Amino acid sequence: MPDFTFYTDTYFGNIINEDDFPRLAARAGEFLSFLEREYSVNGDDVAKNKAICALAEAIQATEKASSASLAATAGEGAVSSESIGSVSVSYQKGTASDAGLDLSVTATRRRYYDIARQYLTIYRGVR
């Protein structure tokens with residue numbers, strides 16, 4: 001499992017802060033373990049650690065998009081209209097796609113799989 005020094009010095013990441021990295025890297029490692037149970041995954045330790053770093057960034061982006069989508073859906077989105085006389089404010093309702101990502105489980109897993117494939121050889125079956 002990569003540490004924050006690996007993330008900044010080897011992967012050259014700068015999106016995740018040091019306090020959030022252990023949690024996000026653990027979640028990314030869990031996804032990589034899922035892939036290893038379902039597929040044949042090949043790559044050295046550096047490649048696996050880079051995949052975990054990339055997945056951690058993707059997980060953070062998914063979390064932010066999910067939070068933005070929930071806020072917009074709850075009526076905490078952008079103001080769409082205002083009135084001054086008798087004070088009225090309307091908020092723009094949002095959807096998950098407004099946040100920039102398809103947040104369905106299938107799309108999220110596919111996105112994470114594609115990210116891991118940038119660093120690792122992943123295939124079904126025996127070679």
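The values are calculated or read from the model by the stated rules, or taken from the named source; none is laboratory data. Keep in mind that this is a model prediction, so the values were computed, not measured. Using ideal geometry, Cβ is built from the backbone for each residue, glycine included, and neighbour counts are taken over all protein chains shown.
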- Item | Filter result (in a helix (DSSP H, G or I) and without any contact (Cβ under 8 Å) to a residue 12 or more places away in the chain) within the range 1-21 | THR5, THR8, ASP9
- Any residue at all in the range 77-99 that is surrounded by fewer than 15 Cβ atoms within 10 Å (Cβ to Cβ) and modelled with pLDDT of 75 or more? no
- Does GLY29 satisfy the criteria of being touching an Asp or Glu at 6+ places or on another chain (Cβ under 7 Å), within 17 Å of TYR112 (Cβ to Cβ) and either of a type in the set (Lys, Arg) or at pLDDT 95 or above (or both)? no
- Message: Suppose we filter LEU35, LEU24 for residues that are over 13 Å from the mean Cα position of the chain (by Cα) and in contact (Cβ under 8 Å) with a residue 12 or more places away in the chain; which single one remains?
- Response: LEU35
- Query: Just wondering, is there one or more residues in the range 63-73 that are at pLDDT below 95, of a type outside the set (S, T, N, Q) and in contact with a Phe, Trp or Tyr (Cβ under 9 Å, 6 or more places away or on another chain)?
  - Reply: yes
- Residue that is surrounded by the most Cβ atoms within 10 Å (Cβ to Cβ) [pool: residues in the range 25-65 that are assigned to a helix (DSSP H, G or I) and of a type in the set (S, T, N, Q)]: ASN49
